[in-house]
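Participant: Submitted below is the structure of interest, expressed as structure tokens.
Taken together, the values in this text are just the output of simple stated rules run on the coordinates, not laboratory data. Everything numeric here is computed off the predicted structure, so don't read it as measured data. Counting neighbours? That spans all protein chains shown, and the Cβs are built from the backbone with ideal geometry, glycine included.
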Amino acid sequence: MKFSVRNITLAVAVATFSAVVLSSCHDNNSTGWEFAPNMYNSRAYEPLTQWRENTINPDGKNMRQPVPGTIARTNYHTSFLQDDSTVINDLMVYNLPADSIAVAEATLKNPIPWSDAAETEGQALYERNCAHCHGEKGAGDGPVGKVYKGVPNYASEAYKNMNDGHIFHVITYGKGRMWPHASQVNPEERWKIVHYVHRLQLGN
């Protein structure tokens, strides 16, 4: 029996294809062959983990040494002057978790004493960051709030007694349909907004 080169090539191709098909059916969880897997399955360098010596850093660690004189942010208090006379020390890091609104209500008190200047600044910050949903007078009738729905009226029975801690916590983490605003307003600004929200709770 004579075999041509073409027949032999065809037979090899069929055998190869059959082997590939059969081997691929062997393990249903197999992802098959990967070309250059390091391109998309590379190990990420995380600062607080170590899986092998890092040849870039002199000590072999992934973690770089902080700049000399660095202070941990949790130990860094900011002081600011209010009304050219009152020094307020405010912790810039807010450590209560998002689900601790009851703790915030019970423990937090506005560190910025009320003054006309503080409330005026709070009003400006409110108009810039909050009024589009909550409305000019806090009635929940801002242009975005009308579309978004579910925005409360601060002067209503359910909301007119919200205290400092509750308001600050909600500005920080959000609640219900309200999104977190910690990245938009820093703690000092949030406390000043709290002063102005209390004004709106009076329905003025």
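Participant: Quote the FRET efficiency, to the nearest 0.05, computed for LYS160 versus ASN186 with a Förster distance R0 of 45 Å and r equal to the Cβ-Cβ distance.
Facilitator: 0.95
Participant: Report the FRET efficiency, 1/(1 + (r/R0)^6), for GLN50 and THR70, where r is their Cβ-Cβ distance and R0 is 35 Å, rounded to 0.05.
Facilitator: 0.95
Participant: Any idea what log10 I(q)/I(0) is at q = 0.11, 0.23 Å⁻¹ for the stretch 115-190, Debye with uniform C-alpha scatterers and no solvent?
Facilitator: -0.26, -1.26
Participant: Using label points projected 7 Å from each Cα along Cα→Cβ, tell me how many nm separate LYS61 and GLU105, to one decimal.
Facilitator: 4.4 nm
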